[in-house]
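Asks: Attaching a single structure in structure tokens format; questions to follow.
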Amino acid sequence: MRSRFKKVWLILQILVVPAWSFSQGEFNNWYFGNDAGVTFNSGIPVYLTDGSLLSAGHCVSVSDSSGSFLFSSNSIGVINRNQEVMPEGHHLHGASTGFSQTSFVVQNLESTNLYYLFTTDINTGFGLEYSIINMELDGGLGDIEPGQKCIPLPGMTKAIGAVTGTRHKNNKDAWVVVKISDTNNNSYASFLINSSGLNTVPVISNSFSPVNFISTEIKISPDGTHLILTRYATDFFEFCRFNSETGQVIPLFHFMPSPFSGEDSASTICAEYSIDSKHLYVCIKPANTGPGYLFQYDATLTDSAAFMSSESLIGVVPTRCALQLGPDWKIYCTNAMVDSLHVINYPNIHGPGCDLHLNAVYLKNRTCADGLPQFLQRYKAYIHS
């Protein structure tokens, strides 16, 4: 049966690869964790040992279209291609803590040499800020533009924890999305980046989540239609629609995997979508227990009862993990304080046939922490079956 799934997967890749590419080479080099790294330039993940990025949570790792590494950031500092801190790439106001998703990068639509680096903090009062990285500075190694470092977004001091983004429905512009955690403003904020630059007036959407808490992850489906919010040490995920034309977030319901619905808290929870946006994967490690449990759901279902009935336990991981879709369409899972990554080989396949493979990618004595690089896809194509 597994060989049949693999054949189907290969056929889908052959049919769809010409129409879909995440970012060509822009997302091929990952630096994360404790100086760990992998490169996908050969088509499969191969360990890198030259990394100098220390990141407890999610981070960013940017390459050019040919797959040459440019820079990485843990939201506190910015590392250039020589694995050195950029001259002005230090003392950013972000927070690199476990499972925090506190940095995100969007390339300027009018200049390929400029990048917006967004950072968020954890309860230190800075909230959402951005810096402009110019790859022409420092002899081509890149640096933060003078006077363009840690610029606060108006009204976003309570936008703490998670920041992420996705393409606009027009397949060119981009949205950057955060969660505002404030008793007076419990909402999502979406910022548009287009040919005119960054619009600092956000689109605001209400949230059903409890007020005044720190979100750890926001994941948006590759087709830009759904969003999920997670929080460290909580008892729910918030499942939402996302309108990639308007930037609106429409909360649908909260849920937890049914075996843990009675838990008061979980030590870690994380989420990721399959490349076709039809399957949602979540991992939960209950508080004060050993392994993590990886579940799959039908992400096309917007009724909470039907959604929960699609739940499938696909495997158990030895420790806490974070999830990230790779440029090869597989989903990679961190293996906390271990020098390997787990992988879900066929995320589009329903049930255990998605093939969770533990310790699949060797990191050569460089260990994982609690996050992997996130990215903005270069363009989208919609997969139909």
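The values are calculated or read from the model by the stated rules, or taken from the named source; none is laboratory data. Remember, it's a predicted structure, so these values are computed and weren't measured experimentally. Virtual Cβ from ideal backbone geometry, glycine too; neighbours counted across all protein chains shown. All accessible areas refer to the heavy atoms of the entire protein, side chains included, with ligands and DNA or RNA removed. Shrake-Rupley method; radii C 1.70, N 1.55, O 1.52, S 1.80 Å.
Asks: Order these peptides, 320-328, 133-141, 64-72, by their mean beta-carbon neighbour count within 10 angstrom, highest first.
Replies: 320-328, 64-72, 133-141
Asks: How high is the relative contact order of the chain, in percent, counting Cα pairs under 8 Å that sit 6 or more residues apart?
Replies: Computed over the chain, the figure is 15 percent.
Asks: Calculate, in nm to one decimal, what residue 83 and residue 350 gain on full extension: separation in residues at 0.36 nm each, minus their alpha carbon distance.
Replies: Gain on stretching residue 83 to residue 350: 92.1 nm.
Asks: Given axes a ≥ b ≥ c from the Cα gyration tensor, I'd like to know whether the stretch 66-127 is rounded (a/c under 1.5), prolate (a/b larger than b/c) or oblate.
Replies: Prolate, since a/c reaches 1.5 and a/b exceeds b/c.
Asks: Is the shape of the stretch 275-385 rounded, prolate or oblate, going by the alpha carbon gyration tensor and its root eigenvalues a ≥ b ≥ c, with a/c under 1.5 for rounded and a/b larger than b/c for prolate?
Replies: Because a/c hits 1.5 or more and a/b fails to exceed b/c, the stretch 275-385 counts as oblate.
Asks: Tabulate in residue order the Karplus-calculated ³J(HN,Hα) for the stretch 322-331, using 6.51 cos²θ - 1.76 cosθ + 1.60 with θ = phi - 60°, rounded to whole Hz; enter x for Gly and Pro.
Replies: Working through the residues one at a time gives 10, 10, 8, 5, x, x, 9, 6, 8, 9 Hz.
Asks: Contour minus end-to-end for residue 367 and residue 184, with contour as 0.36 nm per residue of separation and end-to-end as the Cα-Cα distance?
Replies: 61.8 nm
Asks: Then there's this: According to the square roots a ≥ b ≥ c of the eigenvalues of the Cα gyration tensor, what is the shape class of the chain, taking rounded for a/c under 1.5, prolate for a/b larger than b/c otherwise, and oblate for the remainder?
Replies: Judged from the Cα gyration tensor, the chain comes out rounded (a/c under 1.5).
Asks: Rounded to the nearest 0.05, what FRET efficiency do residue 313 and residue 206 give with R0 = 30 Å and r taken as the Cβ-Cβ distance? Could you check?
Replies: 0.40
Asks: With contacts defined as alpha carbon pairs under 8 Å and 6 or more residues apart, what's the relative contact order of the stretch 31-89 in percent?
Replies: Computed value for the stretch 31-89: 25 percent relative contact order.
Asks: Something else: Calculated from DSSP H runs of 4 or more alone, at -39500 (n - 2.57) each and per residue, what is the 222 nm mean residue ellipticity of the chain, nearest 500?
Replies: -1500 deg cm²/dmol
Asks: If you don't mind, there's one more thing I want to ask. Please list the non-local residues whose amide H lies under 5 Å from the amide H of residue 70, H modeled 1.01 Å from N, same-chain partners needing a gap of 5 or more.
Replies: HN-HN under 5 Å from residue 70: 62, 63, 64.
Asks: Return one whole number: the accessible area per residue of the chain in Å², for a 1.4 Å probe.
Replies: Spelled out: the 1.4 Å probe surface of the chain, per residue, equals 37 Å².
Asks: Calculate one ³J(HN,Hα) per residue across the stretch 193-207 by plugging θ = phi - 60° into the Karplus curve 6.51 cos²θ - 1.76 cosθ + 1.60, and present them in order as whole Hz with x for glycine and proline.
Replies: With coefficients 6.51, -1.76 and 1.60, one gets 10, 9, 5, 8, x, 8, 7, 7, 9, x, 8, 9, 10, 6, 10 Hz.
Asks: Mind ranking 345-355, 331-341 by how tightly packed they are, going by the mean number of other C-beta atoms within 10 angstrom, highest first?
Replies: Averaged packing, sorted descending, gives the order 331-341, 345-355.
Asks: Using a probe of 1.4 angstrom, how much of the accessible area of the chain is carbon and sulfur, in percent?
Replies: C and S atoms contribute 52 percent here.
Asks: How long, wide and thick is the stretch 115-260, going by the Cα atoms along their three principal axes, in whole angstroms, largest first?
Replies: 55, 36, 28
Asks: Using θ = phi - 60° and the Karplus form 6.51 cos²θ - 1.76 cosθ + 1.60, what ³J(HN,Hα) does each residue of the stretch 295-305 get, whole Hz, x for Gly and Pro?
Replies: For the stretch 295-305, the Karplus curve yields 10, 10, 9, 7, 6, 7, 8, 10, 8, 4, 5 Hz.
Asks: Could you give the semi-axes, largest first, of the ellipsoid that matches the stretch 19-98, computed as the square roots of 5 times the alpha carbon gyration tensor eigenvalues and rounded to whole Å?
Replies: Semi-axes from the Cα gyration tensor: 22, 13, 12 Å.
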